[in-house]
Amino acid sequence: MSGFKYEAIDSDGRSRTGVIEADTPRQVRSNLREQGLIAVRVDALSEKSVSGGWRWSLRRGLPLSELSLLTRQMATLLNAGLPIDQTLNALIEQSESQHLRQILAGVRSEVLAGHALARALSKYPSVFPELYQTLVQSGEQSGQLSKVLLRLADYMEDRHALRQKVALAFIYPAMVTLVAVAVVIGLLTYVVPQVVNVFQNTHQQLPLLTRALIGLSSFLRSTWFIWLAALAAGAWGARRALKHEPVRYRFHLWLLGLPLIGRLIRGINTARLASTLAILVGSGVPLLTALQAGAGVLGNLPMRKALEETVRMVREGGSFSRSLAHGKMFPPVMIHLIASGEASGTLDQMLERIAVQQSQEMQTRVATLTGLLEPLLILLMGGVVLVIVLAILLPIFEMNQLVH
């Protein structure tokens with residue numbers, strides 16, 4: 001049986017959509033007629049066969065939190081002894097998302113056609129990435145699919161939590177920056193011109209700071225559209241330029257050289273790689289396959305290139321630790337722990353230790369960076385406002401001195 005997405009009209013003339021399983025589209029239409037529905041459109045659930053909006057729908061990915069929940073539910077059902085097809089059917093019935101039901105129905109159709117689960121998942125690469133497929137294949141081959149899926153769910157939940165911590169840590173500095181910029185722009189474009197009108201009637205020689213502020217205000221008010229267009233063009237140009245790999249490589253390499261940000265980026269990518277390799281190696285995936293899948297989780301291009309070079313050296317017979325140290329992109333503590341794991345045969349445990357250690361160190365660095373940014377932004381904003389206030393008050397002080 002295969003999965004089909006249908007559009008139909010009921011007896012009241014209302015449109016209905018859904019997913020149904022049958023052997024052929026003709027059987028789908030027959031089943032719908034038995035339910036009092038008139039089929040308008042029937043298409044197989046497949047990324048290759050589905051067209052238009054349905055194709056786009058099936059190619060959309062799932063949020064990491066939703067995918068981890070789905071994985072944990074699948075592991076629980078398999079651990080309870082349910083076959084894969086019944087497990088997928090249960091997930092389809094309890095899912096509240098039409099998008100997810102379509103995906104699971106398509107996967108179940110592939111499984112019922114005799115394909116392995118990993119191959120069925122490979123039909124939807126935007127939903128189930130290569131790492132996911134590799135682990136499922138390893139679990140199927142070892143006969144421990146439920147245990148592998150549980151580890152995979154833990155891995156995705158930890159990664160999601162780490163991503164949220166980093167994002168939340170930078171929310172406050174970003175808000176302070178936006179407020180500061182808005183306040184300064186408001187002062188320069190509204191407050192300063194109002195004050196200038198008062199001083200123009202006095203015909204006095206204004207202080208240099210006041211004249212400079214008036215000139216800056218006039219300049220911004222007359223050229224704001226140029227700056228806005230330049231900002232939009234710069235953002236568009238930077239985005240286009242970063243699509244070219246050589247430009248993106250140099251930009252990522254420059255980021256790694258920055259004092260605090262570089263260490264933060266290196267730590268995030270190292271923790272992500274170590275946790276990925278730990279779950280892959282611990283699940284019985286060969287080291288070369290694990291390294292190839294691990295390259296996909298590295299967001300920094302120079303670090304990814306270094307890992308790809310490591311894969312080449314390991315394939316030629318080199319040890320993992322020495323090959324990884326060759327690129328000089330990863331922390332020395334990671335190299336030493338990997339060497340220790342290779343010597344003692346506990347590589348997966350050492351990789352797990354690296355992941356935990358790098359995650360904790362990264363969180364400390366994020367806290368340090370945000371702790372420095374917050375007071376610096378406040379001081380910078382206070383300094384700019386102070387200069388503007390002084391520029392406004394200086395002529396008033398001079399007028400008072402003339403009166404006395």
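The values are calculated or read from the model by the stated rules, or taken from the named source; none is laboratory data. Quick caveat, the model's predicted, so the values are computed rather than measured. Backbone-built Cβ (ideal geometry, glycine too); neighbour counts: all protein chains shown.
Odds and ends about this structure:
- Test for V297: is it of a type outside the set (S, T, Y), at pLDDT below 85 and in the same structural domain as S142 (by the TED database): yes
- Here region 205-246 is the region considered, the condition is being β-branched (V, I, T) and surrounded by 14 or more Cβ atoms within 10 Å (Cβ to Cβ), and the residue that is nearest to V387 (Cα to Cα) is T210.
- Check on L379, assigned to a helix (DSSP H, G or I) and surrounded by 12 or more Cβ atoms within 10 Å (Cβ to Cβ): no
- Of the candidates R108, R163, the single residue that is under 22 Å from the mean Cα position of the chain (by Cα) and touching a residue at least 60 places away in the same chain (Cβ under 8 Å) is R163.
- Residue under evaluation A118, criteria (1) farther than 29 Å from T17 by Cβ; (2) exposed (fewer than 15 other Cβ atoms within 10 Å of the Cβ); (3) of a type in the set (G, A, S), criterion not met: (2)
- Of all residue pairs spaced 6 or more apart or on separate chains, those with beta-carbon atoms under 7 Å, a first member in region 345-373 that is free of Cβ contacts under 8 Å to residues at least 24 places away in the same chain and a second member that is surrounded by fewer than 18 Cβ atoms within 10 Å (Cβ to Cβ) and part of a helix (DSSP H, G or I) are M350/S340.
- With a requirement of 3 or more residues that are of a type in the set (V, I, T) and more than 28 Å from Q164 (Cα to Cα), the helices (runs of 4 or more DSSP H) lying completely within region 281-362 that satisfy it span 301-315.
- Within region 119-151, considering residues that are of a type in the set (V, I, T) and touching a residue at least 24 places away in the same chain (Cβ under 8 Å), the one nearest to L288 (Cα to Cα): T134
- Residue in region 258-269 that is touching a residue at least 24 places away in the same chain (Cβ under 8 Å) and either of a type in the set (G, A, S) or outside any helix (DSSP H, G or I) (or both) present: yes
- Odd one out for T87, checked against (1) outside the structural domain of A293 (by the TED database); (2) surrounded by fewer than 17 Cβ atoms within 10 Å (Cβ to Cβ): (2)
- Index of the failed condition, A290 passing every other in (1) within 22 Å of A367 (Cα to Cα); (2) of a type in the set (A, V, I, L, M, F, W, C); (3) buried (at least 24 other Cβ atoms within 10 Å of the Cβ): (1)
- The listed residues are L70, L32, and the only one of them that is modelled with pLDDT of 80 or more and either crowded, with 19+ Cβ neighbours inside 10 Å or over 26 Å from S11 (Cα atoms) (or both) turns out to be L70.
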